[in-house]
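First up is the structure itself, then whatever we jot down about it.
The values are calculated or read from the model by the stated rules, or taken from the named source; none is laboratory data. Since this is a predicted model, take the numbers as computed values, not measurements. FYI the Cβ positions are ideal-geometry reconstructions off the backbone, even for glycines, and counts take in every protein chain you see. Each accessible area value is taken on the protein alone, full model and side chains, heavy atoms only, with ligands, DNA and RNA left out. Shrake-Rupley method; radii C 1.70, N 1.55, O 1.52, S 1.80 Å.
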Amino acid sequence: MKAVAQVAGFAILLTAFVVADDARGAAEQSLADREAAVPENPLKDAYFGEQHVHTSYSLDAYIGGEALTPDDAYRFAKGNAVTVYGKPHSIGRPLDFVAITDHAEFLGEMYAAQVEGSPGYDNPTLVELRGLDNFDDQEAWFLKYVVSSNRSATPQHTDFYPGDDALHNGWKVMVDAAELHYVPGTFTTIPAFEWSAAPKGGNMHRNVFFHDTKVPRLPFSAVDSNNEEELWDWLAEQERAGSTLLAIPHNSNASKGFMFEPVDNKGEPIDADYARTRAKWEPLIEMMQIKANSEVNRKLWPADEFADFENGDSIQNYSDRTFEKENFVRWAAIKGLHYDKMLGVNPYKFGFVGGTDSHNGTPGDVAEANYVGSHGGADGPVKRRRDEDIAGWIMGRDSNPGALTGVWAPKNTRGAIFDAMKARETFATSGPRIKVRFFGAPGLATSSDPVALVKEGYKQGVPMGGTLEDLGEAPTFTVHAMKDPVGANLDRIQIIKGWVDDEGEPQEKIVDVVWSGSRKQDADGKLPPVGNTVDVKTARYENSIGSAELIGSWTDTEFDPKQHALYYTRVLEIPTPRWSTYDAVRNDLPLLSDVPSSVQERAWTSPIWYSPKG
């Protein structure tokens with residue numbers, strides 16, 4: 001690996017560099033003017049973005065040898081080609097917004113490793129790191145110096161930590177790159193970082209997002225504390241200092257039961273203060289990323305015929321991360337209703353987002369047909385992607401390209417995107433840019449006009465992320481979905497209803513609301529499959545089945561006005577080739593026998609909640 005030299009124009013803010021107050025004020029005023037000048041759509045537009053990606057400033061990304069800098073990552077997200085694995089690589093369609101979430105842990109070390117002349121640059125261990133030129137040596141170095149400490153009860157700085165000034169400078173590289181690439185109305189950048197606690201190998205990671213560039217001098221890392229309750233304390237401290245921020249947990253599927261425990265970190269049962277604090281700081285959760293889909297798992301939800309999507313079962317081969325229902329988003333979201341009933345506040349009132357967790361520095365690189373791996377040397381070569389694991393996390397063949405976040409916002413600015421996230425008016429997709437609307441209220445009219453559906457939804461009801469309260473009659477839910485303009489047709493729209501029984505155990509019902517073609521439900525309400533046009537010999541499919549657009553409504557005829565409930569929408573595409581099928585065809589290799597050759601990509605809206613409280 002080669003050090004990244006300082007170059008003219010690259011926004012690295014050294015500690016000694018101070019901007020005069022009047023110049024800073026003028027710049028902020030200019031930005032505010034540009035943001036205010038962006039026109040608003042009162043009915044809101046869907047903006048697609050990446051909220052989880054790593055660059056060379058994350059040690060585990062740098063170690064793979066392919067990661068881009070933050071500056072390069074933003075250029076990639078804007079549609080520019082970059083070099084990945086020695087070849088030009090492009091996302092094609094630009095994203096609308098991006099948050100780069102490099103690990104706070106080892107950020108100072110990565111600044112020192114890459115910026116020639118910085119304190120620590122000549123440390124022998126970092127010199128050794130820069131000299132590693134094959135993946136096996138890189139992985140061994142990472143395991144030796146990083147993993148054992150990070151997954152311990154008390155993570156520590158490395159022996160080659162160059163000090164807080166280096167951590168500050170690394171953080172400023174990230175923030176300054178975000179400032180450089182922010183174009184209000186066209187491309188939004190969100191300052192962010194990842195807090196990467198993994199006690200006993202259980203994933204408790206959170207990404208932390210800022211409304212603007214009012215950020216602290218240093219990010220908060222698992223070295224400061226690997227206790228998420230102390231992370232929330234830190235978030236509150238930053239809020240008092242003038243920051244506006246939130247956190248998003250991810251990979252609950254690999255949390256070993258820690259993410260949604262019934263007790264706090266003192267071993268006491270969750271109480272109202274805990275629930276209120278968590279609900280304040282964590283309004284969203286990541287539904288899917290490269291390391292699998294965290295909605296459900298087919299073995300734990302056998303009655304859900306679409307639960308067999310990118311389950312990532314091989315995660316269980318590492319660090320004793322055994323799958324249990326209590327690790328998954330659907331279970332937790334419904335379990336939250338029990339706490340709402342008992343405590344008066346729901347700690348798991350999560351909206352849904354998606355991300356990649358790419359460690360190549362390639363935000364939103366989610367196209368199955370364009371997938372070249374996600375973790376540098378671990379899965380970049382085709383053979384490794386098919387036969388080896390990704391850094392002790394998951395088998396390459398069991399991984400996927402990741403997911404995207406969609407938000408409904410009046411305009412594409414930091415404030416509007418952040419506010420939509422905070423309000424949970426979000427949806428996750430497994431990659432395609434499916435647009436989906438979801439509204440709820442008693443008496444919503446069934447309409448074939450999408451604009452009328454949206455107007456009535458906002459006027460008479462609540463959108464995804466909203467809450468209905470104290471209803472005297474059953475709610476009706478209206479749904480509308482449009483296919484990705486360059487993607488596959490849609491199979492169906494489902495609504496998943498959740499509630500808890502008298503013992504507080506999650507219950508659910510899945511309803512097919514509207515579907516393509518002339519299919520009929522059987523006596524049990526089951527809908528026949530849409531079909532499959534995938535030709536595995538050529539990795540092609542046809543849009544000769546399915547629909548480009550679906551619109552419909554459903555009334556909950558079993559509604560109990562005294563029972564807490566939630567409802568969320570799942571939109572399914574027709575089957576399309578999986579990335580591993582494209583790989584096999586491109587490289588004249590046999591299909592992998594233990595993974596599907598085709599998948600049904602999908603979107604999930606944030607829930608609409610019902611509470612019998614006034």
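Just a few scattered comments:
- Residues (under 18 Å from residue 395 (Cα atoms) and crowded, with 23+ Cβ neighbours inside 10 Å) located in the stretch 291-308: 291, 292, 293, 294, 297
- Every listed requirement among (1) outside any loop (DSSP other than H, G, I, E, B); (2) more than 26 Å from residue 565 (Cα to Cα); (3) of a type outside the set (Lys, Arg) is met by residue 436 save one, (2).
- Residue within the stretch 565-578 that is open to solvent by 10 Å² or more (accessible area, probe 1.4 Å), of a type in the set (Asp, Glu), closer than 21 Å to residue 437 by Cα and at pLDDT 95 or above present: no
- Among (1) open to solvent by 10 Å² or more (accessible area, probe 1.4 Å); (2) within 24 Å of residue 366 (Cβ to Cβ); (3) without any contact (Cβ under 8 Å) to a residue 60 or more places away in the chain, the one test that residue 396 misses: (1)
- Tally of residues being part of a loop (DSSP other than H, G, I, E, B), charged (D, E, K, R) and within 30 Å of the chain's Cα centre (by Cα) across the stretch 502-528: 1
- Number of residues in the stretch 287-340 that are touching a helix residue (DSSP H, G or I) at 6+ places or on another chain (Cβ under 8 Å), assigned to a loop (DSSP other than H, G, I, E, B) and among the β-branched types (Val, Ile, Thr): the value is 2.
- Set side by side, the residues 447, 516 differ, and just one is open to solvent by less than 70 Å² (accessible area, probe 1.4 Å) and modelled with pLDDT under 95, which is 447.
- Residue 585 touching a residue at least 12 places away in the same chain (Cβ under 8 Å), open to solvent by 50 Å² or more (accessible area, probe 1.4 Å), of a type in the set (A, V, I, L, M, F, W, C) and over 22 Å from residue 434 (Cα atoms): yes
- Residue count for the stretch 358-384 satisfying the condition of being buried (at least 24 other Cβ atoms within 10 Å of the Cβ) and either in a loop (DSSP other than H, G, I, E, B) or at negative phi (or both): 14.
- Hits in the stretch 259-288 - residues which are within 21 Å of the chain's Cα centre (by Cα) and buried (at least 20 other Cβ atoms within 10 Å of the Cβ): 259, 260, 278, 281, 282, 283, 284, 285, 286, 287, 288
- Residue 83 closer than 24 Å to residue 374 by Cα, in contact with a His (Cβ under 9 Å, 6 or more places away or on another chain) and surrounded by fewer than 18 Cβ atoms within 10 Å (Cβ to Cβ): yes
- Filter result for the condition that a residue is more than 12 Å from residue 414 (Cβ to Cβ), of a type outside the set (A, V, I, L, M, F, W, C) and surrounded by fewer than 19 Cβ atoms within 10 Å (Cβ to Cβ), over 202, 185, 170, 163: 163
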